[in-house]
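Peer 1: This is the structure I have questions about; it appears just below.
Bear in mind that the values in this text are calculations on the coordinates, not laboratory data. This structure is a prediction, so every number in the text was calculated from the model and none was measured. Methodologically, a virtual Cβ is constructed for each residue, glycine included, from the backbone with ideal geometry; neighbour enumeration extends over all protein chains shown.
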Amino acid sequence: MKQKLFVLSAILMHFAFGFSQGFKNPVLPGFHADPSVCRAGDDFYLVNSTFQYFPGVPVYHSKDLIHWQQVGACLTRPSQVDLTNADGNSGIYAPTIRYHEGRFYMITTLFPSRKHFYVHTKDPAGEWSEPIFIDSTTGSCDPTLFFDNGKCYFLWKDEYIKICEIDVETGKQLSEIKRLWSGMGGRYPEGPHIYKKDGFYYLMLSEGGTEHGHHVTIARSRFLDGPYTPCPANPILTHFSNQMQNSPIQGVGHADLVDAPDGSWWMICLGYRTHGYLQHVMGRETFLAPVRWDKNAWPVVNGDGTLQIDMECPTLPQVEMPEEPEKDEFDKDRLERYWSYLCNPHTENYSLAERKGHVRLKASTVSMDELGSPTFIGRRQTEIKFQATAAVDISQLENGVTAGLTAYAARLNHYDVRVTRENGKNYVEANLRVGQVGHVGKRLPLKSRKVYLRIEGDRDFYHLSFSEDNRHFEHLFQMDYRYLSTETIGGFTGVHLGLFIQSDRPSDAYADFDWFEYKAFN
Ligand code: 6LW
């Protein structure tokens, strides 16, 4: 009844005020994979997987499921997660966030150990606890928690979706493990979540793999341990159909459901925006869709189980969140939350204090082509068309040291516009790493101690250029976007625009980045 009133009031608002609020997808653009959402009162919180990036599992806050602000991260301390030698196929996989009796829980899996663990907090924007491992079960991924009748249940993806009761204070297994459902027969049944509504337990999961065949299915039972009856309208969300083959959004799946204070239901899920046909570089992003879920009925996602970039639908009352600054002047005592490190950082190689208004990156012998934690900070590419510019003081480089701006997809897939010091002179060059092949484009001598490095993206290329006056930019190289795409390199992450420094020998050299500007054009 409440939902009917919500829809009716939205329609009345539409005609009375002539507007249908609607919103633009993705609600979290750029690499925001495997989203999970919960609600505490009027506040929504959402988490994403992060693999080799640190801090792990960013926490976003919203009042309307459309506008999100990153308020923290779950894994901010090396004691919580060891990402040594992690890459885009390991580290932190899909998380789930849940709220129960005043406490937030985030459960996830660490690869390659495949150990499931969770952390908790009373303040999702603050520090989260030390990890509690569920030692009795390792293997596969996509854990979730479900609280029912004073008990806590742990579910995860194995060859089936499995469940057991745990002691949520210790992670100790309290009941035998049961198999619940393995979906409709699609490959990789994964990403399970349980919801209790109208006396039914609903088990939702994704099948088909996190590529073009991805789809969301659901089943229900009067009993938590089943048997589960599949929804006759499965899949309830997919773009694998003929109807959606030309959609700019593909691979939709890995969803979570949440109800709003007004009784309406919503789905967040992952998907990716291709460059026109099959390939994407930004990783899997977070999308939103309205759900009609009448009493005792099956949920219906956005009317027909698909979603669009421009969503024309009634929304919750919209509450804007502070926008991320386009230009980062590095003038605060901590980095903006959108910056990430690769693996657990060597914190001694980063300083915001040694030169006011600059981030000082100190050379290490870990190169961008290696596993480990090079001196690097990166932020997500959030649109196909973008412009990233970094201003850097290169006066303290030494022979054999290289510093610059990179479009980073993986250690063997990145395009850099970089400054290198040789025989006491500084040069700027384009450096392309494509698997086992490296290529350095034309190398030009630099006269100034400050240089401006730029990478621009469009539907076909990444363009690398530089300037010594921040007005005239000289083009160095343009490189096909496809060699940074997930389809080419595999893995589960997305391109980051990053600042880095590295040395081929031990060195005290450093680079002072004065500012970084990122403009996205959608
Ligand atoms: C994750 C699985 C998936 O564990 O991809 O799209 C895997 N869904 O649920 C890695 O993100």
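Peer 1: Quick one: net charge of N413's neighbours, Cβ under 15 Å, K/R +1, D/E -1?
Peer 2: -3
Peer 1: Short version: ³J(HN,Hα) in whole Hz for each residue of the range 152-161, in order, from phi by Karplus 6.51 cos²θ - 1.76 cosθ + 1.60 (θ = phi - 60°), x for Gly and Pro, what are they?
Peer 2: Per residue, the Karplus-derived 3J(HN,Hα) values read 10, 10, 10, 10, 7, 8, 10, 6, 10, 7 Hz.
Peer 1: Which of rounded, prolate, oblate describes the range 20-314, given a ≥ b ≥ c as roots of the alpha-carbon gyration tensor eigenvalues and a/c under 1.5 marking rounded, otherwise prolate only if a/b is larger than b/c?
Peer 2: Rounded, because the longest to shortest axis ratio a/c is under 1.5.
Peer 1: Across the Cα atoms of the range 223-316, what radius of gyration and what greatest pairwise Cα-Cα distance (Dmax) are found, in Å?
Peer 2: Cα radius of gyration and Dmax of the range 223-316 are 14.5, 45 Å respectively.
Peer 1: For the chain, find the longest principal axis of its Cα atoms and tell me its angle to the long axis of helix 2-17, 0 to 90°, nearest 10.
Peer 2: Rounded to the nearest ten degrees, it is 60.
Peer 1: Sticking with this structure for a sec: Is any residue of the range 357-400 close enough, with backbone N under 20 Å, to a label point placed 7 angstrom from the Cα of Q436 along the Cα-Cβ axis, and if so, which?
Peer 2: Those under the cut-off are 368-371.
Peer 1: Shifting gears a bit: Between rounded, prolate and oblate, where does the range 350-410 land on the alpha carbon gyration tensor, with a ≥ b ≥ c its root eigenvalues, rounded for a/c under 1.5, else prolate if a/b exceeds b/c? Mind dumping the intermediate values first?
Peer 2: On the way: a/c = 1.81, a/b = 1.24, b/c = 1.47.
Because a/c hits 1.5 or more and a/b fails to exceed b/c, the range 350-410 counts as oblate.
Peer 1: Using the alpha carbons of the chain, what is the convex hull volume per residue in cubic angstrom, as a whole number? Could you put the intermediate results ahead of the total?
Peer 2: Values: hull volume 76.1 nm³, N = 522.
Hull volume over Cα atoms, normalised by residue count, gives 146 Å³.
Peer 1: Let me ask you something else. What is the mean projected area of the alpha carbon convex hull for the range 125-167, to one decimal in square nanometres?
Peer 2: Dividing the Cα hull surface by four gives the mean projection, 4.1 nm².
Peer 1: Further question on the same structure: Determine by what factor the alpha-carbon radius of gyration of the range 91-174 differs from 2.2 N^0.38 Å, reporting the quotient.
Peer 2: On the way: Rg = 12.0 Å, N = 84, 2.2 N^0.38 = 11.8 Å.
Normalised Rg, Cα atoms only: 1.01.
Peer 1: Next up: With a cap of 13 neighbouring Cβ atoms within 10 Å, and only residues DSSP puts in a loop, list the trypsin sites (Lys or Arg not before Pro) found in the range 207-279.
Peer 2: On the way: sites: R220, R222, R273; in loops: R222.
Answer in residue order: R222.
Peer 1: Determine the distance separating the Cα centre of the range 91-127 from the Cα centre of the range 400-448; give it in Å without decimals.
Peer 2: 38
Peer 1: I need the fraction of alpha carbon pairs in the range 406-522 separated by more than 20 Å, rounded to a whole percent.
Peer 2: Considering the range 406-522, 44 percent of its Cα-Cα pairs are separated by more than 20 Å.
Peer 1: For the range 138-200, what does the convex hull of the Cα positions come to per residue, in cubic angstrom?
Peer 2: 94
Peer 1: Amide H to amide H, which residues 5 or more places from V59 or on other chains are under 5 Å from it, using H placed in the peptide plane?
Peer 2: Residues meeting the amide H criterion: V71, G72, A73, C74.
Peer 1: Here is a follow-up. Please list 3J(HN,Hα) in residue order for the range 332-347, calculated via the Karplus relation 6.51 cos²θ - 1.76 cosθ + 1.60 where θ = phi - 60°; whole Hz, with x for glycine and proline.
Peer 2: Result, rounded to whole Hz: 9, 8, 8, 6, 4, 5, 7, 7, 10, 9, 9, 6, 6, x, 7, 4.
Peer 1: With 28 Å as the limit, write out which pairs from K362/K442; K63/K356; K157/K196; K63/K115; K122/K197 have Cα-Cα distances beyond it, or answer none.
Peer 2: Beyond 28 Å: K63/K356; K63/K115.
Peer 1: Then there is this: Run lengths n ≥ 4 of DSSP H only: what is the helix-derived mean residue ellipticity at 222 nm for the chain, with -39500 (n - 2.57) per run over all residues, to the nearest 500?
Peer 2: -1000 deg cm²/dmol
Peer 1: Could you order peptides 80-91, 354-365 by the average number of other Cβ atoms within 10 Å of their residues, highest first?
Peer 2: The densest-packed peptide leads the list: 80-91, 354-365.
Peer 1: Turning to a different aspect of this structure: For the range 327-521, what does the relative contact order come out to in percent, with C-alpha contacts under 8 Å and a separation of six or more?
Peer 2: So the answer I get is 32 percent.
Peer 1: Now for a separate question. Tell me, what HN-Hα J-couplings in whole Hz come from the Karplus equation 6.51 cos²θ - 1.76 cosθ + 1.60 at θ = phi - 60° for each residue of the range 33-48, using x for Gly and Pro?
Peer 2: Values per residue, Gly and Pro as x: 8, 6, x, 9, 9, 9, 10, 10, x, 9, 10, 9, 10, 9, 10, 9 Hz.
Peer 1: Separate question: Evaluate the relative contact order of the chain (contact order divided by residue number), counting alpha-carbon pairs under 8 angstrom at least 6 apart; express in whole percent.
Peer 2: Normalised by residue count, the contact order of the chain is 14 percent.
Peer 1: Take the alpha carbon gyration tensor of the range 148-265, find the square roots of its eigenvalues, order them as a ≥ b ≥ c, and report rounded if a/c is under 1.5; if not, report prolate when a/b exceeds b/c, else oblate.
Peer 2: prolate
Peer 1: If you don't mind, another one. Taking amide H positions as placed 1.01 Å from N in the peptide plane, with prolines and chain starts having none, which residues 5 or more places from L174, or on another chain, fall under 5 Å of its amide H?
Peer 2: Sorted by chain and number, the residues that satisfy this are E165, I166, D167.
Peer 1: What Rg and what Dmax come out for the range 284-342 when only alpha-carbon atoms are used, in angstroms?
Peer 2: 18.4, 55
Peer 1: If you keep only loop residues by DSSP, which GluC sites (Glu not before Pro) in the range 160-204 have at most 16 other Cβ atoms within 10 Å of their Cβ?
Peer 2: Here the sparse-neighbourhood loop sites are E169, E176.
Peer 1: Hey, another quick one. In square nanometres, what is one fourth of the surface area of the convex hull spanned by the alpha carbons of the range 327-521?
Peer 2: 10.2
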